[in-house]
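See below for the structure under consideration.
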Amino acid sequence: MRALLLALTLTSSLYAAPPTPADAERFVRDADTQLRRLWVAQNRAEWAKQTNITAATERAAAKAGAAAMSWITRAIKSARRFDPLLHTLDPAVARQLKLLRLAGQPAPDSAAKAKQLAAVMTGMDAEYGKAKACVAGARCRDLGELDNLLTTSQDPKVLLEAWLGWHDAAGRTLRPMYPRFVALANEGARAIGFADVGEMWRSGYDMPPDEFQRTIEGLWEQVRPLYEALHCYTRRRLGEQYGAEVVSPTGPIPAHLLGNMWAQDWTALATRLEPQPGLARTDTTGALVEQRADAIWMVKLAERFFTSLGMEPLPSTFWERSMLTKPAGREVVCHASAWDVEINNDLRIKMCIKPNHSDLITVHHELGHNYYYNHYYREPVLFQQGANDGFHEAIGDTLALSVTPDYLRTVGLLPEGGGRDASLNQLMSSALDKVAFLPWGLLVDKWRWDVFAGRIPPERYTEHWWALRRQYQGVVPPVARADAGLFDPGAKYHVASNTPYARYFLATILQFQFHRALCKAKGHTGPLHACSIYGSAEAGKPFRELLRMGAKQPWQDALAVVTGGERAMDATALLDYFAPLRTWLDAQNEGQACGW
Ligand code: X8Z
Ligand code: ZN
């Protein structure tokens with residue numbers, strides 16, 4: 001009896017005993033096994049759904065999503081017992097505990113609500129994938145067709161119809177789902193100690209969330225004058241084309257005239273805005289069509305860029321398992337993405353590639369994600385992320401900055417330039433992509449931060465969206481958007497799929513910082529826009545070192561590795577890159593009333 005009592009006391013005191021570093025290590029090892037299992041299951045179900053949207057694949061994806069979410073939420077709560085130990089733990093263990101807390105959308109405590117949250121998330125993504133604009137008596141049109149009209153047409157009537165068609169179709173479907181999603185997602189974030197989902201997202205940057213907010217605002221202030229100069233010149237030229245009654249010479253620009261459904265990429269205007277009219281083009285669409293380049297050819301060209309830096313060819317399974325073009329006869333999510341489904345170098349992309357320049361650049365972007373996966377897939381799963389999410393988005397884009405006209409000439413996609421320097425055209429075309437993107441890259445999450453924080457009720461979602469678009473982008477909707485059934489933010493994939501967006505803003509800044517550093521490593525002298533790191537082993541080395549690090553260390557350390565010592569995100573590389581264009585724009589804008 002005494003012995004039994006003693007044993008009981010010992011066991012209960014064992015339970016009450018504070019956890020040890022060895023417990024924490026065991027916990028993290030176990031979490032790695034569980035997360036791998038749950039995430040592989042979720043990846044498989046998501047891949048099946050996104051490449052074939054049906055009621056059954058949606059259900060399976062929601063189920064796998066709910067399982068992962070619920071497990072993570074429980075694990076995060078249970079890991080709290082190691083908090084007092086954090087600074088004494090092995091740094092790799094402590095970092096995994098920290099990353100666990102940010103490892104995905106957490107679930108509300110109630111199992112029923114967790115299920116509802118997973119279902120509404122999968123549902124929004126699927127509805128977006130399936131949405132179509134239908135006019136009575138005519139064929140329905142999907143996003144691919146509508147966006148194509150916005151890129152190619154210059155008829156304001158056609159542009160308006162395509163713009164309205166998509167915003168009405170996608171927005172009206174998503175409108176009833178989004179408020180419910182916000183409430184449930186916030187409940188999950190609160191269950192693990194965040195004020196709301198926005199604060200949780202802002203906490204993923206190795207600094208306190210309000211410092212992150214100040215950082216991102218500071219970066220925007222650095223680039224704002226360049227954006228305003230581009231806006232000013234673009235507005236004047238569009239005004240000349242469409243007339244002052246369509247484009248006010250002093251106000252914001254109507255969003256349907258900028259050559260893209262979200263006015264986030266204005267490259268479609270490049271020919272019209274050329275500083276050196278008629279001089280060497282930078283767009284390869286003509287050559288891709290003429291040479292009958294198919295999706296495989298385009299991906300192989302991009303792959304060659306990566307292998308030229310010393311990286312491995314894509315595994316054979318990539319070619320067997322990827323979805324490179326839009327399949328006939330089933331619904332799919334066409335928005336491009338890159339995967340490692342089995343978390344073992346099972347690289348794939350899912351994309352509806354068309355033979356045009358913009359898709360060629362997007363293929364480089366997607367392979368950037370795949371090569372990140374390829375460099376860290378042997379690490380613990382929690383380290384299998386970018387140093388921050390902006391790094392992940394910046395990898396392929398960094399390479400694409402080296403897809404210069406000179407490089408494209410060597411692969412036969414641009415004709416010989418005739419010896420004249422057309423760098424202002426190159427810079428304009430690049431600015432219409434990168435600089436035009438910046439305010440948009442910032443505002444999508446500014447909107448969501450406000451929504452998640454409860455500052456904007458559902459009936460003001462669309463109104464607030466347009467207030468931010470007007471403030472940051474200087475664009476307005478082509479017609480009033482006051483109808484309560486509308487939900488214009490839902491016309492954007494990342495809102496429907498709940499993908500954070502500040503990452504793309506950061507990536508736009510970071511890719512120029514990487515480009516400047518890698519060009520220096522290569523020994524490039526001269527203007528940044530003329531540098532291509534293609535084939536450079538010297539540039540490949542620090543680049544690969546960055547990829548191998550994944551999220552093992554704070555992003556500041558990773559940045560220092562690739563740049564040789566810089567520890568802050570900083571827009572001076574972007575500003576240097578565009579300096580010649582800025583001088584040209586300022587001369588063009590002289591005497592104009594810029595701003596809106
Ligand atoms: O979503 C993407 C990639 C996949 S991560 C195609 N991008 C953003 C967008 O399309 O809005 C790349 C640029 C910004
Ligand atoms: Zn991406």
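Using the average count of surrounding beta-carbon atoms within 10 Å as a protection proxy, the listed peptides 579-585, 103-109 rank, highest first, as 103-109, 579-585. Centre-to-centre, using Cα atoms only, the stretch 498-561 and the stretch 357-407 are separated by 10 Å.
Taking a Cβ cut-off of under 13 Å around residue 77, the surrounding Lys, Arg, Asp and Glu residues balance to a net charge of +3, with basic ones at +1 and acidic ones at -1.
For the peptides 440-448, 285-293, 372-380, 54-62, the ranking by mean Cβ contacts within 10 Å, running from highest to lowest, is 440-448, 372-380, 54-62, 285-293.
Loop-located chymotrypsin sites (Phe, Trp or Tyr not before Pro) in the stretch 201-309 (DSSP state not H, G, I, E or B) with no more than 11 neighbouring Cβ atoms inside 10 Å do not occur.
Label separation (residue 588 vs residue 537): 4.3 nm, computed from points 7 Å beyond Cα along the C-beta direction. Annotation: peptides 550-563, 32-45, ranked by per-residue average of other Cβ atoms within 10 Å with the highest first, follow the order 550-563, 32-45. Looking at the chain, the DSSP beta bridges with both ends there are about 60 percent antiparallel. Put in order of Cβ neighbour count within 10 Å, fewest first, the listed residues 494, 167 become 494, 167. Rounded to 0.05, the FRET efficiency of the residue 483 and residue 148 pair, given R0 = 22 Å and the Cβ-Cβ distance, is 0.25. Where only DSSP H runs of four or more residues are counted, the chain gives -19000 deg cm²/dmol as its mean residue ellipticity at 222 nm, each run worth -39500 (n - 2.57).
Placing +1 on each Lys and Arg Cβ and -1 on each Asp and Glu Cβ, with no other charges, gives the chain a dipole about its Cα centre of roughly 1400 debye. Taking θ as phi - 60° and the Karplus parameters 6.51, -1.76 and 1.60, the scalar couplings of the stretch 534-543 work out to 3, x, 9, 5, 5, 6, x, 5, x, 5 Hz in sequence order, x denoting glycine and proline. Over all distinct Cα pairs, what is the inverse of the mean 1/r for the chain, reported as the Kirkwood hydrodynamic radius in Å? For the chain, the Kirkwood estimate is 25.4 Å.
Between beta-carbons, use under 9 Å as the cut-off and find the net charge around residue 374, counting Lys and Arg +1, Asp and Glu -1. So the surrounding residues net to -2. Work out the FRET efficiency for residue 330 and residue 111 from their Cβ-Cβ distance, taking R0 = 35 Å, and round it to the nearest 0.05. Efficiency, from the Cβ-Cβ distance: 0.60.
Restricting the stretch 370-472 to GluC sites (Glu not before Pro) that sit in a DSSP loop and have at most 11 other Cβ atoms within 10 Å of their own Cβ leaves 416. Residues 237, 503, arranged from fewest to most other Cβ atoms within 10 angstrom of their Cβ, appear as 237, 503.
Look at where the Cα atoms of the stretch 117-135 and of the stretch 183-227 average out, and the two centres are 26 Å apart. Placing unit charges on each Cβ (+1 for Lys and Arg, -1 for Asp and Glu) gives the stretch 411-459 a dipole about its Cα centre, and among 436, 425, 454 the Cα reaching farthest toward its positive end belongs to 454.
Projecting the Cα positions of 280, 52, 262 onto the charge dipole of the chain (unit charges on Cβ atoms of Lys, Arg, Asp and Glu, taken about the Cα centre) puts 52 furthest along the positive direction.
Here 301, 432 are placed in order of increasing Cβ neighbour count within 10 Å, fewest first, which gives 301, 432. Here's the list of lysines a cross-link from residue 326 could span, going by alpha-carbon distance under 20 Å and ignoring same-chain residues fewer than 8 apart: 49, 130, 132, 300, 350, 354, 492. Summing Lys and Arg as +1 and Asp and Glu as -1 over all other residues whose Cβ lies under 13 Å from the Cβ of residue 517 gives a net charge of 0. Evaluated at q = 0.21, 0.22, 0.23, 0.24 Å⁻¹, a Debye calculation over the C-alpha positions of the stretch 333-373 (equal weights, vacuum) places log10 I(q)/I(0) at -0.62, -0.67, -0.72, -0.76. Taking amide H positions as modeled 1.01 Å from N, with prolines and chain starts lacking one, the residues under 5 Å from residue 253 and 5 or more places away or on another chain are 475, 476.
Residues in the stretch 386-391 carry Karplus couplings, in order, of x, 3, 9, 5, x, 4 Hz; the curve used is 6.51 cos²θ - 1.76 cosθ + 1.60 with θ = phi - 60°, and Gly or Pro positions show x.
Modelled this way, with points 7 Å down the Cα-to-C-beta line, the labels at residue 317 and residue 499 are 2.2 nm from one another. For the stretch 87-236, with the dipole built from +1 on Lys and Arg beta-carbon atoms and -1 on Asp and Glu ones, taken about the Cα centre, which of 137, 163, 189 lies farthest toward the positive end? With unit charges placed on the Cβ atoms, the residue in question is 137.
Placing +1 on the Cβ of every Lys and Arg and -1 on the Cβ of every Asp and Glu, with no other charges, gives the stretch 167-290 a dipole of roughly 320 debye about its Cα centre.
Throughout, read-outs are computed from the coordinates displayed, never taken from laboratory work. Remember, it's a predicted structure, so these values are computed and weren't measured experimentally. Quick reminder, even Gly has a Cβ in these numbers, built from the backbone with ideal geometry, and neighbours come from all protein chains shown.
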